[in-house]
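Just below is one structure, and these are the notes that go with it.
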Amino acid sequence: MGFTAWVLLVPLAATSFNRAIKALGAPKWQLLHKLVYAISVIGLMHFIWMHAGKNSFAGPIVYGAILATLLGWRGWKRLRR
Ligand code: HEM
């Protein structure tokens, strides 16, 4: 999971400077960078699995709650538009 998240972060890092944004064009750049939503969920799964062995879920629960709030807020705003 961690490796998958890392691999998916590479194209975002590689296109996170002004010239890359201009070269791609805003719509394509935005589409590509929507990957961050999937990465955040994959990161959460990685975090949960890393803590499952230690049976300590406080960190993943806090991260998951913050992520759910932020993604929920985005989703709600999108639905309203
Ligand atoms: C090749 C890629 C990766 C590998 C091999 C990897 C491996 C690991 C391992 C072995 C741990 C457990 C460490 C421990 O027990 O103290 C860990 C923890 C963690 N990783 Fe990754 N990881 C990778 C990429 C990522 C990425 C890209 C993210 C974020 C998007 C991430 C987020 C985390 C988090 C939040 C923890 C828990 C840290 C903690 O609770 O102290 N990892 N990872």
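A short reminder: the numbers here are calculations on the coordinates, not readings from a lab. As the structure is a computational prediction, the values presented were derived from the model and not from experiment. Methodologically, a virtual Cβ is constructed for each residue, glycine included, from the backbone with ideal geometry; neighbour enumeration extends over all protein chains shown.
Per residue, how much space in cubic angstrom lies within the convex hull of the C-alpha atoms of the chain? Numbers along the way, then the final one.
Numbers: hull volume 7.8 nm³, N = 81.
Value for the chain: 97 Å³ per residue.
Nearest 0.05, what FRET efficiency do Lys34 and Phe57 give at R0 = 22 Å with Cβ-Cβ as r? Walk me through the numbers on the way to the answer.
On the way: r = 28 Å, r/R0 = 1.28.
After rounding, the FRET efficiency stands at 0.20.
Per residue of the chain, what 222 nm ellipticity follows from adding -39500 (n - 2.57) for every DSSP H run with n ≥ 4, rounded to the nearest 500? Could you put the intermediate results ahead of the total?
Working: 5 runs with 69 residues, N = 81.
Computed mean residue ellipticity for the chain: -27500 deg cm²/dmol.
Using amide H atoms built in the peptide plane, which far-off residues or other-chain residues are under 5 Å from Thr15 H to H?
Sorted by chain and number, the residues that satisfy this come to none at all.
How far apart, in nanometres, would the label points at Lys77 and Ala20 be if each is projected 7 angstrom from Cα along the Cα-to-Cβ direction?
2.3
At 0.36 nm per residue, and after removing the present C-alpha to C-alpha distance, how many nm does the segment from Met1 to Met45 gain when stretched out fully?
Numbers: separation 44, 0.36 × 44 = 15.84 nm, distance 0.71 nm.
Between Met1 and Met45, full extension yields 15.1 nm more.
Hey, if you put +1 on the Cβ of every Lys and Arg and -1 on every Asp and Glu Cβ in the stretch 2-80, which of Gly53, Leu9, Pro27 ends up farthest toward the positive end of that dipole?
The residue sitting farthest along the positive end of the dipole is Pro27.
What is the sum of charges, Lys and Arg at +1 and Asp and Glu at -1, for the other residues whose Cβ falls under 13 Å from the Cβ of Leu71? Intermediate values should be presented prior to the final figure.
Values: positive: Lys34, Arg74, Lys77, Arg78; negative: none.
Combined, the nearby Lys, Arg, Asp and Glu give +4.
So, counting K/R as plus one and D/E as minus one, what does the shell of residues with Cβ under 15 Å around Ser16 add up to? If you can, show how the numbers build up before the last one.
On the way: positive: Arg19, Lys22, Lys28, Lys34; negative: none.
Its environment carries a net charge of +4.
Please report, in debye to the nearest 20, how large the charge dipole of the chain is about its Cα centre when each Lys and Arg carries +1 at its beta carbon and each Asp and Glu carries -1 there. Before the final figure, lay out the partial values.
Details: 10 positive and 0 negative charges, 100 e Å.
Once rounded to the nearest 20, the dipole reads 480 debye.
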